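J.: Below: one structure in structure tokens.
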Amino acid sequence: MKRTVGKEEEKRHRVEDQVGNSPKIEWYVGKTSGFAEDDRKVFQLGDREVGVFRRNGLLYAYVNLCLHQGGPVCEGLIIGKVEPIVAGDQRIIGERFSDDEVHIVCPWHGYEYDIETGACTTDRRLRLRSYEVVQRGEDVYVLA
């Protein structure tokens, strides 16, 4: 039985095919030694800005656009997640910065994203657009 595809559905498949088959460009962004732990560098890669972060020895790359209002998220503060200090009787007696989870804080409105996943900390379904980072010896490339 032949399946009939409507014009809207046909158009959507063509766009998805174009996106899925679009060639990625490999951009050289430096040497691994040039990326400090829990820090970042922001690069202009063609028509987009991309932030490359180092955390626990691994490199992550995200588009430099906050999901809230397009602020330069990759240029924001890098800080541990604020977590409560809980006493034995379950009272909160203070707060501390986590060593386990580190966030990028957008400088415009304070939206926070997990540096290792790009997930928005207030709604983990939302994520910064990420790019693959490739290391060849000491050379680091972003595929975008």
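J.: What length, rounded to one decimal in nm, is gained on full extension from residue 116 through to residue 143, with 0.36 nm per residue of separation minus their alpha-carbon distance?
T.: 8.0 nm
J.: Sticking with this one: For residue 41 and residue 92, what is the calculated FRET efficiency with R₀ set at 35 Å and r taken between the beta-carbons, to the nearest 0.05?
T.: 0.40
J.: Here is a further query. Excluding residue 134 itself, what net charge comes from residues whose Cβ is under 13 Å from its Cβ, given Lys and Arg +1 and Asp and Glu -1?
T.: The answer is -2.
J.: Hey, another quick one. Using the Kirkwood radius over C-alpha pairs as Rh, can you work out the diffusion coefficient of the range 25-143 via Stokes-Einstein at 10 °C, viscosity 1.306 mPa s, in µm² per second?
T.: Roughly 105 µm²/s, to the nearest whole number.
J.: Residues with amide H under 5 Å of residue 101's amide H, sequence separation 5 or more or different chain, H placed in the peptide plane at 1.01 Å from N; which?
T.: So residue 101 has HN proximity to 81.
J.: Okay, next question. What is the range 25-143's relative contact order, in percent, from Cα pairs under 8 angstrom and six or more apart in sequence?
T.: 26
Quick note: the coordinates plus some simple rules give every number you see, no bench work behind them. Computed from a predicted model, the values in this text were never measured in an experiment. Positions of Cβ are backbone-derived with ideal geometry, glycine not excepted, and every protein chain shown enters the neighbour counts.
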